[in-house]
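Structure first, then comments.
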Amino acid sequence: MDTTNINQTCPLCEKDKHMEKKAKLLYGYLVCKKCYYSFANRRQVAFAVDIILYIICKNICQGIVLKLAASNEADVDMIRGLSFLSSFHS
Ligand SMILES: [Zn+2]
């Protein structure tokens, strides 16, 4: 970590309070520790939201496929079985 420019202000929050010894590199720029971990926390929340939206969309699409593909109750059971088996591969 480059700590030669310790006496500068954080480019994100424009404060120099947390820039002393704890400045961290974020995409090549020195930012304060508070902004660095705030960014990391937002990225983790965004990842969790992406996973939840993916699961919801996957289930909605599977439900639509079940409705469209099934012409009678026997086909619904068969497609549900195939869907269950295919979930082990993903
Ligand atoms: Zn900052």
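Each label point was placed 7 Å from the Cα along the Cα-to-Cβ direction; for Phe47 and Ser87 their separation is 2.4 nm.
Using the Karplus relation 6.51 cos²θ - 1.76 cosθ + 1.60 with θ = phi - 60°, the per-residue 3J(HN,Hα) values for region 56-64 come to 4, 5, 4, 5, 5, 5, 5, x, 5 Hz, with x marking Gly and Pro.
Just so you know, all these numbers are worked out from the coordinates, no wet-lab data involved. Treat the numbers as computed from the prediction; the structure is a model and nothing was measured. Cβ coordinates were reconstructed from backbone atoms using ideal geometry, including for glycine residues, and neighbour counts include every protein chain displayed.
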